[in-house]
Amino acid sequence: MGARTPYGGREELGQNFLIHQPTIRLVLGLVRTSGNGSILELGAGDGALTRPLASLGRELLAIDLDLRCVQRLQRRLPEVRVQQADALDVPYDRPVIVGNVPFHLTTPILRRLLTTGTWTQAVLLTQWEVARKRAGVGGGTLLTAQTSPWFEFDLRGRVPATGFRPQPSVDGGVLSVRRRRVPLLEQEDRAAYERFVRGIFSGAGA
């Protein structure tokens with residue numbers, strides 16, 4: 001087992017538990033307006049988002065890789081289905097995905113999110129600069145450009161580093177991703193479009 005921080009999070013899992021109440025209210029508000037579908041929470045941790053999400057009265061599956069976090073939440077929130085699982089393995093088959101994701105796993109989780117599953121809206125806490133770039137603020141990224149015909153990205157808020165325990169070295173950001181109801185391109189054109197965009201990003205002067 002890896003070392004645990006003074007606040008309970010395990011360093012090797014990149015655990016930074018959310019304590020910033022304005023962000024918790026923001027995430028809850030975004031999820032509340034997403035309809036009545038079931039919710040998948042990635043990286044439930046100590047339940048800072050799990051508890052308010054459960055108050056919405058919608059089916060909720062909360063997962064975490066840390067068995068001790070899972071066991072604590074199972075005791076505290078018996079009405080919620082809490083499982084030990086890896087965010088890179090669990091099916092993204094619920095309408096709404098919510099997560100305070102480990103900063104070092106943001107890109108692989110986003111890549112998987114944008115290529116698998118049947119979800120319609122995702123609300124993720126990520127590193128601030130990642131959230132900005134994914135939303136196209138101050139310049140976009142290859143991943144965002146390749147997937148924008150099928151998904152919309154919005155930067156919804158900044159989370160100060162002091163809003164996490166243990167405190168990370170950088171701020172976080174709230175990134176909202178929504179699957180377009182009407183894609184700008186057909187799905188069968190996706191591979192060709194992604195190759196086209198990659199060529200632009202890797203071309204001379206890019």
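The values are calculated or read from the model by the stated rules, or taken from the named source; none is laboratory data. Model, not experiment: these values are computed from the prediction. Quick reminder, even Gly has a Cβ in these numbers, built from the backbone with ideal geometry, and neighbours come from all protein chains shown. The protein model used for the area step is the full one, side chains on, heavy atoms only, and it has no ligands, DNA or RNA in it. Shrake-Rupley method; radii C 1.70, N 1.55, O 1.52, S 1.80 Å.
Which shape class, rounded, prolate or oblate, goes with the chain when its Cα gyration tensor gives a ≥ b ≥ c as root eigenvalues, a/c under 1.5 marks rounded, and past that a/b bigger than b/c marks prolate?
prolate
Any idea which of 62, 87, 31 is furthest toward the positive side of the dipole for the chain, if Lys and Arg beta-carbons carry +1 and Asp and Glu beta-carbons -1?
31
Run the paramagnetic zone check for residue 185: 7 angstrom along Cα to Cβ, then residues of the stretch 124-143 with backbone nitrogen under 18 Å.
136, 140-143
Relative to the longest principal Cα axis of the chain, at what angle does helix 190-202 sit, 0 to 90 degrees, rounded to 10?
Value to nearest ten degrees: 80.
Short version: ³J(HN,Hα) in whole Hz for each residue of the stretch 58-65, in order, from phi by Karplus 6.51 cos²θ - 1.76 cosθ + 1.60 (θ = phi - 60°), x for Gly and Pro, what are they?
Using θ = phi - 60°, the values come out as 9, 4, 9, 10, 10, 10, 7, 7 Hz.
Once you order the gyration tensor axes a ≥ b ≥ c over the Cα atoms, which shape class does the stretch 66-181 get: rounded for a/c under 1.5, otherwise prolate or oblate by comparing a/b with b/c?
Oblate.
Return one number: the angle in degrees, 0 to 90 and rounded to the nearest 10, between the long axis of the Cα atoms of helix 21-32 and the longest principal axis of the Cα atoms of the chain.
60 degrees
If you place +1 on the Cβ of every Lys and Arg, -1 on the Cβ of every Asp and Glu, and leave all else neutral, what size is the dipole of the chain about its Cα centre, to the nearest 20 Debye?
Using Cβ point charges on Lys, Arg, Asp and Glu, the chain gives about 420 debye.
For the chain, give me the percentage of DSSP beta bridges that are antiparallel, rounded to the nearest 5 percent.
Restricted to the chain, the bridges split so that about 50 percent are antiparallel.
If you fit an axis through the alpha-carbon atoms of helix 67-76 and take the longest principal axis of the Cα set of the chain, what angle between them do you get, 0 to 90°, nearest 10?
Taking Cα atoms only, the helix is inclined about 60 degrees.
For the chain, build the charge dipole from Cβ charges (+1 Lys, Arg; -1 Asp, Glu) around the Cα centre, then report which of 53, 187, 140 sits farthest towards its positive end.
Most positive-ward Cα: 53.
Please sort 98-109, 178-189 by packing, taking for each peptide the average over its residues of neighbouring beta carbons within 10 angstrom, highest first.
98-109, 178-189
Could you tell me how far the Cα centroid of the stretch 164-206 sits from the Cα centroid of the stretch 99-126, in Å?
Using only Cα atoms, the two centres lie 11 Å from each other.
I'd like the carbon and sulfur percentage of the solvent accessible area for the stretch 42-135, probe radius 1.4 Å, heavy atoms only, ligands and nucleic acids excluded.
50 percent
Please list the non-local residues whose amide H lies under 5 Å from the amide H of residue 60, H modeled 1.01 Å from N, same-chain partners needing a gap of 5 or more.
It is 39, 81, by chain and number.
Provide 58, 165 ordered by accessible surface of protein heavy atoms (probe 1.4 Å), highest first.
Accessible-area ranking of 58, 165, largest first: 165, 58.
Just want the answer: with Cβ charges of +1 for Lys and Arg and -1 for Asp and Glu, which residue in 113, 97, 196 is farthest toward the dipole's positive end in the chain?
97
I'd like to check one number: the per residue accessible area of the chain, probe 1.4 Å, reported in Å² as a whole number.
49 Å²
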